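See structure below.
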Amino acid sequence: MGIIDPTACYSLIEEFTLGRDVLAEMAESFRDEMTRGLSHSGRASLRMLKSYIGLPTGNETGEYLALDFGGTNLRVLRILLEGQGKYKILKKVARPLRVEGEYNYIGAGSEAETLFDFIAVLVDEAIEGNRTDRFFLGHTFSFPSSQTSLRDATLISWTKEFATGGVEGRAVNELLRLALEHRGIKNVLPVAVINDTVAVLLSAAYRHGDTFIGSIYATGHNTCYFEPEAEAGEAPMIRNLESGNFDIVPQNRFDMWLDAHSEKPGEQLLEKMVAGRYMGELFGLALAELLGEKGKVYPFTSVDISEIIRDETDDLLRDGKNLNTKMTQACVRQPQSHFKSAAIISNKTQKEFALEDVAMARELAAAIVVRSARLVGASFSGILGHMGKNKETRQHIAVDGSVYEKMPLVKEHIQATLRELLGAAGDNIDTLLENGGSGLGAAIAAAMAEK
Ligand code: BGC
């Protein structure tokens, strides 16, 4: 006998299941919200931020510095653009922004100056202390920021539970310039700031062409696209939707709980339903309820979820021929089991799981992931709808991020949702992993700024 009641579990899974009609409605309101955001008429949860950069030709060349700031890892790269979509990484340095028990530059209590001084140290490592050659730097800054030019961006509001003091409302390249100066680095010139989605789009457009939409599906989530309609006096440019903030979303009670207990309640509602930063928490919350501990959040991460889904324990359960019952049961009951999912679940809940419980938990985890992928697919469909007849064009949607790259079920469910919502036109679109796009895109932006 397991400890999870299957009826209760299926009813929870139901709460995480979204049918076609709900998604079609969401895609429609996403499209309307884009129009509202672009026309500045009234309040819109899609910010449609201007990037002041268009698409690259693929022939940009030269050596540039790329600073990639947006997740828990900070990276600085020296990249040589060779043109014709080719490039070489000459140097890469990376450091976490938070090390448990040692330092934390991104939590409440940390300050802008210390954070940017740390960034300057990494830039220094990337240029190997060189104080003579001139380096143009492209800066991927992956938070909602307002821009009046490509050169700088003002942070509107932290997301992804970042909370460093003194950065909101400030121009980030200005903070970077001050920190570089403070370290005596005068030969590094920050010339462009872009969102990571913009970086992914630039990178994919540089390498493959036929790409007009760029997205990040990782710790956070967001999408940008190339808007051919320009405002008076401006050139057509990429718009950062800040789609994680889209708020006409089919939230369930777990989403509402999670939002209410987050750093910024009421903000980033779509992101809180889909991104890697939150999926583990949703699972931990729902599983706690199933195990009679409502209101508790078992500390699962999205990496745990992907391990649980990938595990084949319940396939073994279904397929009697492959099941060596004695061995399997023993493994499930011991945290050191080679069945990873059982080990993860019992470790995080401190409860003993039977094989059928693991199978149930796995279905719950899968439901949360599939919902996430379907919501992202619906948002892509909204953007393609906005692009009108251009959606008929064969094209890629470039996506980067750990969830897209590593989480089982994600790719196929985005694609299936596009097909479900767009019909045959969905077959013209494929999603493409643009690995490392944040760094390459920053270098391309620096090249385009200096042209
Ligand atoms: C930020 C976006 C960013 C996304 C992915 C979101 O939390 O608001 O600017 O593109 O995360 O990193």
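The values are calculated or read from the model by the stated rules, or taken from the named source; none is laboratory data. No experiment lies behind these values; they were computed from the predicted model shown. Because the Cβ atoms are built from the backbone with ideal geometry, glycine has one as well, and the counts that use them run over all protein chains shown.
Hey, any hits in segment 379-400 for a residue that's within 17 Å of L270 (Cβ to Cβ), under 15 Å from the mean Cα position of the chain (by Cα) and not in a strand (DSSP E or B)? For segment 379-400, residues within 17 Å of L270 (Cβ to Cβ), under 15 Å from the mean Cα position of the chain (by Cα) and not in a strand (DSSP E or B): present.
When each of M360, M327 is tested for being modelled with pLDDT of 85 or more and either part of a helix (DSSP H, G or I) or under 24 Å from the mean Cα position of the chain (by Cα) (or both), the lone residue that passes is M360.
Among the residues of segment 133-149, count how many are away from the ligand (no atom under 16 Å from the Cβ) and either assigned to a loop (DSSP other than H, G, I, E, B) or closer than 16 Å to A66 by Cα (or both).
Looking only at segment 133-149, we keep the residues that are away from the ligand (no atom under 16 Å from the Cβ), and these are 133-137, 148-149.
With either assigned to a loop (DSSP other than H, G, I, E, B) or closer than 16 Å to A66 by Cα (or both) added as a condition, the list becomes 133-137.
Qualifying residue count for the region: 5.
Which residues, counting only those in segment 158-169, are within 16 Å of the ligand (Cβ to nearest atom) and either at pLDDT 95 or above or closer than 13 Å to A112 by Cβ (or both)? Within segment 158-169, W158, F162, A163, T164, V167, E168, G169 meet the criteria.
Restricting the first member to segment 65-94 and to residues that are touching a residue at least 60 places away in the same chain (Cβ under 8 Å) and on the phi < 0 side of the Ramachandran plot, and the second to residues that are assigned to a strand (DSSP E or B) and of a type in the set (S, T, N, Q), the beta-carbon pairs closer than 6 Å and six or more apart or on different chains are D68/T140; L81/T61. Suppose the filter is farther than 17 Å from E271 by Cβ, of a type in the set (K, R) and free of Cβ contacts under 8 Å to residues at least 60 places away in the same chain; does K340 pass it? Spelling it out, K340 is indeed farther than 17 Å from E271 by Cβ, of a type in the set (K, R) and free of Cβ contacts under 8 Å to residues at least 60 places away in the same chain.
Within the bounds of segment 164-176, is there any residue that is among the polar types (S, T, N, Q), without any contact (Cβ under 8 Å) to a residue 40 or more places away in the chain and surrounded by 16 or more Cβ atoms within 10 Å (Cβ to Cβ)?
Scanning segment 164-176 turns up at least one residue that is among the polar types (S, T, N, Q), without any contact (Cβ under 8 Å) to a residue 40 or more places away in the chain and surrounded by 16 or more Cβ atoms within 10 Å (Cβ to Cβ).
List pairs: first residue in segment 128-146 and crowded, with 19+ Cβ neighbours inside 10 Å, second residue among the acidic types (D, E) anywhere in the structure, Cβ distance under 6 angstrom, at least six positions apart or on different chains. Final answer for the pair search is F136/E450; T140/D68; T140/D196; S142/D196; P144/E242. The residues of segment 13-43 that are surrounded by 12 or more Cβ atoms within 10 Å (Cβ to Cβ) and either β-branched (V, I, T) or not in a helix (DSSP H, G or I) (or both), listed by number, are I13, F16, T17, L18, V22, T35. If a residue must be surrounded by 17 or more Cβ atoms within 10 Å (Cβ to Cβ) and acidic (D, E), how many such residues does segment 147-163 contain? Adding up the residues that qualify gives 1. Residues in segment 1-22: is at least one touching a residue at least 24 places away in the same chain (Cβ under 8 Å), of a type in the set (D, E, K, R) and more than 29 Å from I368 (Cβ to Cβ)? No, there is no match, as no residue in segment 1-22 is touching a residue at least 24 places away in the same chain (Cβ under 8 Å), of a type in the set (D, E, K, R) and more than 29 Å from I368 (Cβ to Cβ).
Taking segment 53-90 as the region of interest, how many residues are within 16 Å of the ligand (Cβ to nearest atom) and either touching a Lys or Arg at 6+ places or on another chain (Cβ under 9 Å) or modelled with pLDDT under 95 (or both)? Number of matching residues: 10. Please verify whether segment 176-190 includes one or more residues that are within 29 Å of S29 (Cβ to Cβ) and more than 10 Å from the ligand (Cβ to nearest atom). No, every residue in segment 176-190 fails to be within 29 Å of S29 (Cβ to Cβ) and more than 10 Å from the ligand (Cβ to nearest atom).
Can you tell me which residues in segment 46-91 are more than 28 Å from S157 (Cβ to Cβ) and not in a strand (DSSP E or B)?
At the first step, the residues of segment 46-91 found to be more than 28 Å from S157 (Cβ to Cβ) are 56-64, 78-91.
Passing the criteria: P56, T57, G58, N59, E60, Q84, G85.
Let me confirm something: among E352, E412, which residue is without any contact (Cβ under 8 Å) to a residue 40 or more places away in the chain and not aliphatic (A, V, I, L, M)?
Values: E352 fails: without any contact (Cβ under 8 Å) to a residue 40 or more places away in the chain.
Result: E412 is the single residue among E352, E412 that is without any contact (Cβ under 8 Å) to a residue 40 or more places away in the chain and not aliphatic (A, V, I, L, M).
Being within 28 Å of K50 (Cα to Cα) and among the basic types (K, R) is the requirement here; does R98 meet it?
So R98 fails the test.
Residue count for segment 184-199 under the criterion of being exposed (fewer than 15 other Cβ atoms within 10 Å of the Cβ) and either of a type in the set (A, V, I, L, M) or within 22 Å of I79 (Cβ to Cβ) (or both): the result is 2.
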